[in-house]
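Below is one structure, written out as structure tokens; comments come after it.
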Amino acid sequence: MKPWQRVFFGLLCVTATFIGPVKSQEKDSSAVTTVTIRPLQVGFFVLDTENHNAFVDNLPREKFRVSEKVPGKDWQTPEVKSVFGGEQPLLLAFALDTSDSVFQSEAGSVKKILQDFVLTAMRPGKDAALLIPFRESVDGRRAFTDNVDTLVGDIKKLSGGGGTALFDALLTAVKRLEEEEEKRGIGEYRKAIILLSDGQENASAIQKERFGGNAVRAHVAKKDLVEYALLGSDIPVYVLYTNHRDSERTPLMMRGVWTSPETSGEWLRNIARNSGGTFFPFMGGRERRMAFKRVTEELTHKFWLLFYAADPVKNE
């Protein structure tokens, strides 16, 4: 048996999305509706279990097979259209919580870890990244850059203080990544959000008037909006959780309103898992560096497999 056959497939992110536009014609009741079906996209890692779970690279398309269970039918085997792997450049958004609760005591450590990550993980001229620092407001005005010196300089200038607009920061990260991908070419980059936060939320904008002035309902709607945006974007979120005070019992709140039965850590863990990313609990400086190394390995070794469903969704 060849080494590549002794692998463990870690399906971290399984997504099925219509990437392209849907064209419809509705001139009269007899008009025919045309639906453009694009390939389904599945992301995963391949690990060699007999080599200390080392990542496996450069597997050709012929080594993969997809089995699809269609309701009421036998298992189908759709054709694999393409497979691309670790050579794909990265497009990263660093959502950095610079509020009092995070930056007040750990600013130096956080900056040093981020600098190390940029210097060791990013490939100049190939990968691009954007810093999105947030506290009571979100600073999403910076441009994506592949210049590591520019990124390091911006990191050194970060300052902290104030509240935390966590939900707005995540929405901004999704929006900026999708906009940048459209400019650079759909599917040409691997997008990811690197979130460093303690999970507190007390400053994101809400619209109480849409819910009859009910703040709780408005807060919950904002949380749901973030979850839907992430799930629909195919963007994995890698969370470095910084809450070390009471990480298991700190509730997810907005402006003092308890909006979820989940704690802040549980919510961020679910966001990471459901998006195909990874949640890293609170850890010291050395462990955080190892976490960033793990993020880099996952991002640069992830395979993406494209295929057409055997029984695509029909437009009635």
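The values are calculated or read from the model by the stated rules, or taken from the named source; none is laboratory data. Every value quoted in this text rests on a predicted model; they were computed, and no experiment measured them. Every residue, glycine among them, receives a Cβ derived from its backbone with ideal geometry; neighbour counts consider all protein chains shown.
Annotations
- E178 satisfies every condition listed in (1) within 15 Å of the chain's Cα centre (by Cα); (2) among the acidic types (D, E); (3) assigned to a loop (DSSP other than H, G, I, E, B) except (3).
- Checked against the criterion of being at pLDDT 90 or above, touching a Lys or Arg at 6+ places or on another chain (Cβ under 9 Å) and more than 27 Å from R273 (Cα to Cα), the candidates D149, D168, D154 yield just one match: D154.
- Checking each residue in the range 107-139 for being of a type outside the set (A, V, I, L, M, F, W, C), touching a residue at least 40 places away in the same chain (Cβ under 8 Å), part of a helix (DSSP H, G or I) and out of contact with any helix residue (DSSP H, G or I) (no Cβ under 7 Å at 6 or more places or on another chain) picks out K112, T120.
- Odd one out for A218 among (1) among the small types (G, A, S); (2) buried (at least 19 other Cβ atoms within 10 Å of the Cβ); (3) in a loop (DSSP other than H, G, I, E, B): (3)
- Among the residues making up the range 145-172, a single one is on the phi > 0 side of the Ramachandran plot and surrounded by 15 or more Cβ atoms within 10 Å (Cβ to Cβ): G162.
- Among (1) out of contact with any strand residue (DSSP E or B) (no Cβ under 6 Å at 6 or more places or on another chain); (2) modelled with pLDDT under 90; (3) surrounded by fewer than 20 Cβ atoms within 10 Å (Cβ to Cβ); (4) not in a loop (DSSP other than H, G, I, E, B), the one test that F103 misses: (3)
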